[in-house]
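Coordinate-derived values only; no laboratory data. Remember, predicted model here, so these are calculated numbers, not experimental data. Cβ coordinates were reconstructed from backbone atoms using ideal geometry, including for glycine residues, and neighbour counts include every protein chain displayed.
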Ligand SMILES: O=C(O)CCC(=O)C(=O)O
Ligand SMILES: [Fe+2]
């Protein structure tokens, strides 16, 4: 897991938070490439640019439990997530953890926007379909998730 942008998501012994620098090197995160900002502009419907892009490598067997993205101050900005490499089974619920869910397969190049009412819906990754793509060296799936963390302006 690593980050691009002016803020990165960090999780360590001290807990989890957004911060401007890499926790080991102390250096700023690399900028979010223009190609990703272009995708944000095309699909988010939100003028302010994302401050954070989480880069998460799902290796064999990796999952992400059902959760809501609620660590951002800006609750109005959508979350834009890009899937690369192996396909994954994405589970999307509603505002309540116990509510019904639907599953969909995300393949390489798919873009998911959690915006509007779905911004705070439960979601997760049930499993990654190992070997379904040769894009990522050594196999696996890379998820890029762009977020506006602090309220712009
Ligand atoms: O990997 C995905 O498609 C979802 C990632 C996610 O929900 C998150 O990073 O909060
Ligand atoms: Fe999430």
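Structure values in brief
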quantity: Which listed residue is more than 13 Å from ligand 1 (Cβ to nearest atom) and either assigned to a loop (DSSP other than H, G, I, E, B) or touching a residue at least 40 places away in the same chain (Cβ under 8 Å) (or both), from 84, 37, 4; calculated: 4
quantity: Subset of the stretch 57-81 [part of a strand (DSSP E or B), more than 10 Å from ligand 2 (Cβ to nearest atom) and within 15 Å of residue 1 (Cα to Cα)]; calculated: 57, 58
quantity: Subset of the stretch 110-121 that is part of a helix (DSSP H, G or I) and within 14 Å of ligand 2 (Cβ to nearest atom) - its residue that is surrounded by the fewest Cβ atoms within 10 Å (Cβ to Cβ); calculated: 120
quantity: Test: residue in the stretch 20-31 that is surrounded by 13 or more Cβ atoms within 10 Å (Cβ to Cβ), within 16 Å of ligand 2 (Cβ to nearest atom) and not in a loop (DSSP other than H, G, I, E, B); calculated: no
quantity: Check on residue 153, in contact (Cβ under 8 Å) with a residue 24 or more places away in the chain, more than 15 Å from ligand 1 (Cβ to nearest atom) and crowded, with 16+ Cβ neighbours inside 10 Å; calculated: no
quantity: Members of the stretch 122-150 found to be without any contact (Cβ under 8 Å) to a residue 60 or more places away in the chain and crowded, with 16+ Cβ neighbours inside 10 Å, listed by number; calculated: 122, 123, 132, 133
quantity: Residues of the stretch 18-34 that turn out to be free of Cβ contacts under 8 Å to residues at least 40 places away in the same chain and under 20 Å from residue 76 (Cα atoms), as a count; calculated: 0
